[in-house]
Amino acid sequence: MSAAGRGASDAPGAGVTSGELMAVELARQLRDDDVAVMGTASALPQVACRLAKETHAPDLWFVAGGTCGVNPHLAPAVASCCDEDLLRADTAVPLSDVVLLEGRGDVFTVFFSGGLQIDAHGNCNLVCVGDWGRPSLRGPGTVGLPFLARVGRVLIYTMSHNPRTFVERVDFLGGPGFLDGPASWEAAGLPGGGPAAVVTPLCTMGFDPQTLRMRLETVHRGVTVEQVVDATGFELVVPAAVPVTPDPTEEELTMVRRIDSGGLLKGH
Amino acid sequence: MSAAGRGASDAPGAGVTSGELMAVELARQLRDDDVAVMGTASALPQVACRLAKETHAPDLWFVAGGTCGVNPHLAPAVASCCDEDLLRADTAVPLSDVVLLEGRGDVFTVFFSGGLQIDAHGNCNLVCVGDWGRPSLRGPGTVGLPFLARVGRVLIYTMSHNPRTFVERVDFLGGPGFLDGPASWEAAGLPGGGPAAVVTPLCTMGFDPQTLRMRLETVHRGVTVEQVVDATGFELVVPAAVPVTPDPTEEELTMVRRIDSGGLLKGH
Amino acid sequence: MSKVLSLHDAVERHVPDGVGLLAVGGMHLQNNPMALVREAVRQQRRIRRLLTSPCGALNADLLIAAGLVDEIATSYVGFEHLGLAPAFRRAVESGSLRVLECDEAYITHGLGAGAGGLPFAALPVGLEVSDVCRANPESYRLVEDPFTGTQVLAGAPLRPDVALVHASEADVAGNAVLGGAHFLDRVMALAARTVVLQVERVVPTEQISRHPVGTTIPGFLVHAVVEIPGGCHPTASHGHYRTDEEHLRRYLSLAASADGAQAYVDDYVRGTTEAEYLRAQHPAEARHAREELR
Amino acid sequence: MSKVLSLHDAVERHVPDGVGLLAVGGMHLQNNPMALVREAVRQQRRIRRLLTSPCGALNADLLIAAGLVDEIATSYVGFEHLGLAPAFRRAVESGSLRVLECDEAYITHGLGAGAGGLPFAALPVGLEVSDVCRANPESYRLVEDPFTGTQVLAGAPLRPDVALVHASEADVAGNAVLGGAHFLDRVMALAARTVVLQVERVVPTEQISRHPVGTTIPGFLVHAVVEIPGGCHPTASHGHYRTDEEHLRRYLSLAASADGAQAYVDDYVRGTTEAEYLRAQHPAEARHAREELR
């Protein structure tokens, strides 16, 4: 096994790519009673949801925001959340209804998130790097990330595990995580449950219940704890023992590749 | 010609019923650039709009609230505003959109109204007779009548021209007309234009521009001014000369009867 | 996991006795979820507050006639061209039913606020001149518009605990197609904590999938599906059958008196099963199909 | 009276130079009304404020690349999996474009408020913790909830002066059918004072009439209809053609520099008619038909 997880060539197991492994890891976060919603460029969570639904969570619901296909059939998964193929689904609703329901707070239990920056407390930023008024990098915007404040569990994923993405504090708070930690989180009294997991090409992380800071849970096969720490721009909580992320089963892998028959996760 | 207008048997012209004449009178109020909306039990305005559209106002739009058919084809007109036949139309929209647009105020230029009580200033009441807390007669409710405050022209119609319906002041202000007259109307500064016409089985009325009180415009053939005054529970403005309402033309009558081939307006 | 339940079980499990806010779908004489309403009468479900779409009819009047409703939030209860609502009238005039007077704008935007988790709905300028908001200070308040500084009307969010809604068809997961007009039924389903659907038929998911965006209710909002062809009778079901005006006139004439209303409830609801009722009152021959509406 | 106009006339008559708030429909790489956008570039329409659906793409970036936009109200401008929006980035980073930072909830509910004549939209509790509202005090204010006494977020109504929206088909009166997803296009049409539709084809009204409730835009909201098959290129048109990612990559690579962006605008927009552009870039063979989406 090679020491990586960042490319198709050197991934663990039978040529499992990072993207494929991440889809499996995200699927494992999903429960049978979840209703999940995802947005922009969401091939990964699409595949994760379809996989979960066809394995351990048959009653899972998932909505591909944008097009708003409900349980899209995904053969194959698509790169754009607004692709017409996402209307090959059990049903579909207007986007304005999904935005309504995101606000209701008790409908969607899982919201997939990401960002240009993700910080130690799981706050996400897709707006800018640097000062908002004169940014060094202007990102696209917040989209629906402010809704993270109201959702049951936020699942964060990114293909970029490096110190520019994983920063101590986001430059612009678009999608709230645990804000500035326990005191501010408690003071805000937000209706949502906060971030639950962070999945990257290197590892899967959670949050330390005391400090609400990101904590390493498992490293993907071939990745060392040191690599993860070096790639993270803030002080990561590292437990004494960090297991290796369980390999995808044959069944999971076969299914992921059937769902992603277009190979969107192959390149990652 | 008999002195009436309240039944099929004694109507003017070639057996024209009050309902038919009223449909023609309402149609005459409609303009080519109008977008009209109507609600509960609206066979009469349905027919009026379709008639206007097929005669002098081909570009008129009308929406049968409830079902929200847009320019319903009406062959025949139907009694319920929620009848599935109203979906035989150019198109149709969800009710929630029509309610939105009623609030926008600049979309619908004409709103058809009525009531258990209609008062001297054109206020309408479909809620109750007597004190709201313990009414002597409880009516159905206000439906969308509060929107009258925002619409260009309100066209009022009723099959009941009697002193119980036409009262000095409504017991419950559901659908605003000119409120309590010029001072209160001006003070309220409402975005709408107020009531424009009132059509009954006896006559067609407008509003005196000085007092904003209801004013007799024309009496239907066979009806006397005295009959109208007696049937009205408030002091009606009566000009020196009150012409007879123009008879429907042959074309109008033929068309009304084609549109109302089910004879809904025959019984009135 | 299938959400299809018998009429009895759907009401027993999902409509608690003493339900806080029960919403009934349909509008005027169409698409009233009458089978569910009748079953709620059979199971004697007391309703602390009933909410209608902008225009309720038999869906509200029957529950009131059965003596089950403490309060009603509505902008209209009546039978349109057929006349006033006899039980509603009697109950309000005698003071036994409290009315939360509403207008169509508030019911629509209040449900929208409920669906969207919005704290309240600011209402269009001008609506404050009607007496509705003064009659119902619980639901309507003034608020200062932070953009203009003027006082405007606000409506409280409407969050039904349970909504009883009719749809043309649904699959076992609760994905449903509204046949014909939507009335406020989609909005009600979006706003309610629990949605119980009454449908003309349960169909495979593939049949739901064919319907375009904007015409369906997604199953993740739906808790139970009851298949009961003809169940809107005596109101219409768009695409399936028309209003039975004769039956409604019989109801109106009976319900004109308290005793008559009681007799109707006993004879047509409590004293009969739904299957017996439909067999006697609404034979399958009375139905049609306008597939193009669906 | 037919509302069908040529591309030139529709923009000339209905998109005034210096338009106050111009909304562009579509979302991400789909259903962008690009023919109308390109024509606005050809006619050099200055836009005081541009509004995107929650996610703008080339519809916004091209107008910015052409130097026509003073301000943008948006929650996203980008090219999704293809990358960031080059002209938008450059303009914001250099300070030449003012951003009214918005989120999806505000754009949706703000347009709803515009459509409904609502003074403002109260937004869900919790959204006030993001920095968006602090970055945009013009659109977001705090308001006291009159029902609970707490401070909640309010969004100003969004009332576009003109909305440019794509639909699959329309009749000459402007009744239109949205093919596929709705994105925010219906809401935009409901909120805008003037709606200019770009459609793949003009069809008889009878063809619109067959579509069920909830899938159409009524013609009384529409001021002009432009028939321009292929006109969303290089973005997709649901039911008609897919995103031309190759063309978009060419745009992204050119527009990575200011000169390249200028060259793209000159070569593909200003220096060519729409017919020439489509003939060269988007031959009819590149299109397909998925009637089931419509």
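All of the numbers you see were taken from the coordinates with simple rules; none came from a lab. From a predicted model like this one, the values you see are computed outputs, not experimental measurements. Note that we place each Cβ from the backbone using ideal geometry, even for glycine, and neighbour counts take in every protein chain shown.
When C:Ala286 is represented by a point 7 angstrom out along its Cα-to-C-beta vector, the spacings to that point in the other copies are 5.9 nm, nearest first. For the pair segment A:92-154 and segment B:21-64, the centres of their Cα atoms are 48 angstrom apart. Each of B:Val129, B:Phe108, B:Met255 was placed along the dipole of chain B (beta-carbon charges, centred on the mean Cα), and the one lying farthest toward the positive end is B:Val129. Using the Cβ of C:Val19 as centre and a radius below 13 Å, the other residues enclosed give a net charge of +2, where K and R count +1 and D and E count -1. If R0 is taken as 56 Å, the Cβ-Cβ distance between D:Ala258 and B:Ala183 corresponds to a FRET efficiency of 0.35. Evaluating 6.51 cos²θ - 1.76 cosθ + 1.60 at θ = phi - 60° for every residue in segment B:129-144, the Karplus couplings come out as 10, x, 5, 4, x, 8, x, 7, 9, 8, x, x, x, 9, 6, x Hz, glycine and proline recorded as x. Our note on the geometry: Cα centres of segment C:239-270 and segment B:235-262, 38 Å apart. When you filter the trypsin sites (Lys or Arg not before Pro) in segment C:87-186 for DSSP loop state and at most 10 other Cβ atoms inside 10 Å of their Cβ, nothing is left.
Of all residues in chain D, the one whose Cβ lies closest to the rotation axis carrying D onto C, together with that distance in whole Å, is D:Gly214, 2.
Per residue, the convex hull around the alpha carbon atoms of chain B comes to 122 Å³. Of the residues D:Leu68, D:Ile107, D:Gln44, the one whose Cα sits farthest toward the positive end of the charge dipole of segment D:43-109, with +1 on the Cβ of Lys and Arg and -1 on the Cβ of Asp and Glu, is D:Gln44. Sparsely packed loop sites in segment D:122-161 (the GluC sites (Glu not before Pro) outside DSSP H, G, I, E and B with at most 13 other Cβ atoms within 10 Å) comprise D:Glu138. Each other copy places its own label point for B:Glu226 at 11.4 nm from this one, sorted shortest first, where the point lies 7 Å along the Cα-to-beta carbon line. Run down the lysines and flag those whose C-alpha is under 19 Å from the C-alpha of A:Lys266, throwing out any fewer than 8 positions away in its chain. Partners found: none. Among the GluC sites (Glu not before Pro) in segment A:155-246, those placed in a DSSP loop whose Cβ has at most 16 other Cβ atoms within 10 Å are A:Glu168, A:Glu235. In summary, the lysines within cross-link reach of D:Lys3, defined as a Cα separation below 30 angstrom excluding same-chain residues under 8 places away, comprise B:Lys53. In whole Å, what is the distance between the alpha-carbon centres of segment D:57-111 and segment C:275-290? Distance between centres, Cα-based: 57 Å. I want the local charge near D:Thr272. Using Cβ-Cβ distances under 14 Å, sum +1 for each Lys or Arg and -1 for each Asp or Glu among the other residues. So the surrounding residues net to -1. In terms of its C-alpha gyration tensor, segment C:255-294 comes out prolate, because a/c is 1.5 or above and the ratio a/b outweighs b/c.
Sum up the charges of everything whose Cβ sits under 14 Å from the Cβ of D:Glu104, counting Lys and Arg as +1 and Asp and Glu as -1, but leave D:Glu104 out. List each step's numbers first, then the result.
Details: positive: A:Arg150; negative: A:Asp97, A:Glu102, D:Glu101, D:Asp103.
Cβ neighbours under 14 Å give a net charge of -3.
Relative intensity of the protein assembly as shown on a log10 scale, I(q)/I(0) at q = 0.04, 0.06, 0.07, 0.09 Å⁻¹, equals -0.21, -0.47, -0.64, -1.04, per a Debye sum over C-alpha point scatterers of equal strength in the absence of solvent. Using the rule -39500 (n - 2.57) for each DSSP H run of four or more residues, divided by the residues of the protein assembly as shown, the 222 nm mean residue ellipticity is -7000 deg cm²/dmol.
Per-residue 3J(HN,Hα) values for segment A:43-51, derived from phi via the Karplus relation 6.51 cos²θ - 1.76 cosθ + 1.60 with θ = phi - 60°, read 4, 4, x, 4, 5, 4, 5, 4, 4 Hz in sequence order (x marks Gly and Pro). Taking the label point 7 Å along Cα→Cβ, A:Arg257 and its counterparts in the other copies are spaced 7.8 nm apart, in ascending order.
Proximity of backbone amide H atoms, modeled 1.01 Å from N, is registered between D:Leu184 and D:Gly26 at under 5 Å, excluding neighbours fewer than 5 places apart on the same chain. Under a Gaussian network description of chain D, with springs only between Cα atoms under 10 Å, the residue in D:Ala224, D:Ala280, D:Ala122 that fluctuates furthest is D:Ala280.
Amide H to amide H, with H built 1.01 Å from N, B:Val63 comes under 5 Å of B:Ala36, B:Val37, B:Met38, B:Asn71, counting only residues 5 or more places away or on other chains. Under 5 Å between amide hydrogens, built in the peptide plane, is the criterion, and for A:Gly177 it picks out A:Asn123, A:Cys124 among residues at least 5 positions away or on other chains. Within the listed set C:Ser75, C:Ser257, C:Ser53, the residue fluctuating most in the Gaussian network model of chain C (springs between alpha-carbon atoms under 10 angstrom) is C:Ser257. The GNM of chain A, with springs linking C-alpha atoms under 10 angstrom apart, assigns the highest mean-square fluctuation among A:Gly122, A:Gly177, A:Gly103 to A:Gly103.
Of the options A:His161, A:His56, A:Ala149, report the single residue whose Cα projects farthest towards the positive end of the charge dipole of chain A (beta-carbon charges: Lys, Arg +1; Asp, Glu -1). Positive-most Cα among the choices belongs to A:His161.
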